[in-house]
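The values are calculated or read from the model by the stated rules, or taken from the named source; none is laboratory data. Here the structure is a predicted model, which means the values were calculated and not measured. Every residue, glycine as well, gets a Cβ built from its backbone with ideal geometry; the counts of neighbours run over all protein chains shown. Areas reflect the complete protein model, heavy atoms only, side chains present, ligands, DNA and RNA absent. Shrake-Rupley method; radii C 1.70, N 1.55, O 1.52, S 1.80 Å.
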Amino acid sequence: MLVMMTVLLVALLLLLGSGVWVAFSLMGLAWIAISQFSSVPTGDVMASDIWSASHSWELTALPMFIWMGEILFRSRLAEDMFSGLSPWMQRIPGRLLHTNVVGCGLFAAVSGSSAATCATMGKMSIPELTGRGYDERLVLGTLAGSATLGLLIPPSIILIVFAVATDQSIARLFMAGVLPGVMLITLFTGYLMLWSWRYPDKVPPADTRVSFREKLRASRRLIPLFSLIVGVIGSIYAGIASPTEAAAVGVVLSLLLAKLQGAMSRSIFTEALLGAVKTSTMIAFILAGASFLTAAMGFTGLPSDLAAWIATQGLSPMMLLAVLTVFFILMGCFLDGISVVVLTTSIMLPMVEAAGIDLIWFGIYLVIVVEMSQITPPVGFNLFVLQGMTGRNILHIARAALPFFGLMLLGVILITLFPQIVTYLPEAMGNR
């Protein structure tokens, strides 16, 4: 087992380090594993597994949700959110910094992407908040940390990938991500309040007092957004629509919303469609490579041998999760979140199941840990997005995001101690 692991690890590092695409690196690694460590016909396994990974009905939801996010990315949604939220934030300690957190949480509920959430909110809030005198470091930190909610709050692209890779219910995973997402938003806003009490001189004074009626009038700009959230997430929870059907509803509503805003033209429609095609194709290739690698791992027996070896170490579920947390954070420093999920699923699942850990809970745990990797250099995608928007050094942005990395780690500890945070809504769905 040690020789096999060493050979495969070196091969993976060589493939990724030489610039080979992740999807083809996975396929190459699977080919080496089967051809060198089993007697199974490699070509037959490759053809059958890549085909089976490519015609899954559950995958239909993936391009639809990505397309919905691409449409909304090009609309005036961020501007409307800021205008609708800011009057309510003026009297809360931390004031308009909370618009980053709440706004990212709301946009995450319709985009499914961390990078799209960061870019959309950032292009609106960075000039607005820094122009008002808010601390730039905290503005960047709240954006980098809060944008990771796009991976957790449904409809999450990475949760669909995890569901397909592990044969879990997409609807239940979506519902499982809601309360942990609210928990992280609460932790982030609580930190901003404590920070503003500690450094009151760094928070600009509130604008002119706004009446309750004026706040309600401004909130009308949030109605389309909430309608979209209810249409997508509400239909899944109520059992009215499957995730795939809800994704189609989301695309229609987002097209209608963009049209009503005057943000939809032939060129924008084409850009959004092509953006969705490119992203969906990339993920589909990665999933195909992951399926081939999963089959290869099964034929070599490595996952079961590794799980059996770990079982002999006498690790408790808590110790296993602690080790896996460090492992996933290190992996996330060099790979994007989807690649981390598909690379590790075939090896990790046997040991996770052997430890008696619920796979729905494990999916949410994994996504939160992957969220943490989005704000860690050298491959932190949210850091790259903010660097491109501000021109700031990536290490400067990483330091700004460090408190939110710690808060997400606290979130992992909380869902470990209180797993009902994750499991309550999926269990409440019953058989829907």
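One residue stands out in the range 116-135 among those that are touching a residue at least 40 places away in the same chain (Cβ under 8 Å) and among the aliphatic types (A, V, I, L, M): the one that is least open to solvent (accessible area, probe 1.4 Å), namely Met121.
Screening the candidates Leu330, Leu343, Leu335, Leu395 for the property of being open to solvent by 40 Å² or more (accessible area, probe 1.4 Å), farther than 20 Å from Pro317 by Cβ and at pLDDT below 80 yields one hit, Leu330.
A residue that is assigned to a loop (DSSP other than H, G, I, E, B), out of contact with any Phe, Trp or Tyr (no Cβ under 9 Å at 6 or more places or on another chain), aromatic (Phe, Trp, Tyr) and under 18 Å from Thr99 (Cβ atoms) can be found somewhere in the range 130-150. The set of residues from the range 185-199 being open to solvent by less than 20 Å² (accessible area, probe 1.4 Å) and more than 24 Å from Gln387 (Cα to Cα) comprises just one member, Ser196.
Listed by first and then second residue, the pairs linking a residue in the range 403-432 that is under 22 Å from Tyr237 (Cβ atoms) and open to solvent by less than 70 Å² (accessible area, probe 1.4 Å) to a residue that is not β-branched (Val, Ile, Thr) and not in a helix (DSSP H, G or I), with Cβ atoms under 7 Å apart and 6 or more places separating them unless they lie on different chains, are Thr423/Asp358. Only one of the listed residues (Val182, Val164, Val232, Val249) is hydrophobic (A, V, I, L, M, F, W, C), open to solvent by 40 Å² or more (accessible area, probe 1.4 Å), assigned to a helix (DSSP H, G or I) and touching a Gly at 6+ places or on another chain (Cβ under 6 Å). That residue is Val249.
Taken together, Ala308, Ala290, Ala322 contain a single residue that is of a type in the set (Gly, Ala, Ser), closer than 24 Å to Met372 by Cα and at pLDDT below 75, which is Ala290.
For the range 369-378: of the residues being buried (at least 17 other Cβ atoms within 10 Å of the Cβ) and over 16 Å from Ser113 (Cβ atoms), which is modelled with the highest pLDDT? Working first, answer last.
At the first step, the residues of the range 369-378 found to be buried (at least 17 other Cβ atoms within 10 Å of the Cβ) are 369-376.
Checking which are over 16 Å from Ser113 (Cβ atoms) leaves us with 369, 372, 376.
On the way: Val369: 89, Met372: 85, Thr376: 79.
Checked the range 369-378; the qualifying residue modelled with the highest pLDDT is Val369.
Screening the candidates Gly262, Gly298 for the property of being open to solvent by 50 Å² or more (accessible area, probe 1.4 Å), not charged (D, E, K, R) and not in a helix (DSSP H, G or I) yields one hit, Gly262. If you check Ala33, Ala109, Ala47 for being within 26 Å of the chain's Cα centre (by Cα) and among the aliphatic types (A, V, I, L, M), only one passes: Ala109.
All told, Glu70 meets the bar of being of a type in the set (D, E, K, R) and closer than 25 Å to Glu245 by Cβ.
Of all residues in the range 218-246, those that are of a type in the set (Asp, Glu) have Cβ atoms under 9 Å from Cβ atoms of residues that are surrounded by 20 or more Cβ atoms within 10 Å (Cβ to Cβ) and modelled with pLDDT under 80, 6 or more apart or on another chain, in Glu245/Ala61; Glu245/Ile236.
Of all residues in the range 193-228, those satisfying the criterion of being under 21 Å from the mean Cα position of the chain (by Cα) and either modelled with pLDDT of 80 or more or at positive phi (or both) are Phe226, Leu228. Scanning the range 235-246 for residues that are in a helix (DSSP H, G or I) and of a type outside the set (S, T, N, Q), we see that the one that is most open to solvent (accessible area, probe 1.4 Å) is Glu245.
Regarding the range 91-101, can at least one residue be identified that is in contact with a helix residue (DSSP H, G or I) (Cβ under 9 Å, 6 or more places away or on another chain), assigned to a helix (DSSP H, G or I) and closer than 14 Å to Gly150 by Cα? Scanning the range 91-101 turns up at least one residue that is in contact with a helix residue (DSSP H, G or I) (Cβ under 9 Å, 6 or more places away or on another chain), assigned to a helix (DSSP H, G or I) and closer than 14 Å to Gly150 by Cα.
Picking from residues in the range 29-86 that are acidic (Asp, Glu) and at pLDDT 75 or above, the one that is least open to solvent (accessible area, probe 1.4 Å) is Asp80.
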